[in-house]
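S.K.: Before I ask anything, let me first share the structure, which is written out below as structure tokens.
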Amino acid sequence: MPKKVEQCFECGQMVDKNALGLNKKLLGENVSKFFCLSCLAENLGVSVEDLIAKIEEFKREGCKLFS
Ligand SMILES: [Zn+2]
């Protein structure tokens, strides 16, 4: 059995832990589709830099979804 890796629903790129956490934060804990940072940014109409800033913000809050 291949190890399950989350892949971007749109482009198939691997979605890392922080991007995964951000998906859950922004789209809901129970989402079944995940997006990589660039597709997520595009979907939300923001820039990747904005998302990275968000991740940093959540990390500072001590959110366990991010490393
Ligand atoms: Zn993508």
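Just so it is clear, none of the values below were taken in a lab; they were calculated from the coordinates. Here the structure is a predicted model, which means the values were calculated and not measured. Reconstructed Cβ throughout: ideal geometry from the backbone, glycine too, with neighbour counts over all protein chains shown.
S.K.: Tell me, yes or no, whether the range 13-33 has at least one residue that is of a type in the set (Val, Ile, Thr) and exposed (fewer than 14 other Cβ atoms within 10 Å of the Cβ).
M.R.: Scanning the range 13-33 turns up at least one residue that is of a type in the set (Val, Ile, Thr) and exposed (fewer than 14 other Cβ atoms within 10 Å of the Cβ).
S.K.: Give me the helices (runs of 4 or more DSSP H) completely within the chain, filtered to those with at least 1 residues that are away from the ligand (no atom under 16 Å from the Cβ), ordered by residue number.
M.R.: Those helices (runs of 4 or more DSSP H) span 17-27, 48-60.
S.K.: Something else about it: Might you check whether a residue that is touching a Cys at 6+ places or on another chain (Cβ under 8 Å) and touching a residue at least 12 places away in the same chain (Cβ under 8 Å) occurs anywhere in the range 39-56?
M.R.: Looking through the range 39-56, at least one residue is touching a Cys at 6+ places or on another chain (Cβ under 8 Å) and touching a residue at least 12 places away in the same chain (Cβ under 8 Å).
S.K.: Which ones in the range 1-40 are farther than 22 Å from residue 53 by Cα and hydroxyl-bearing (Ser, Thr, Tyr)?
M.R.: Answer for the range 1-40, where residues must be farther than 22 Å from residue 53 by Cα and hydroxyl-bearing (Ser, Thr, Tyr): just 32.
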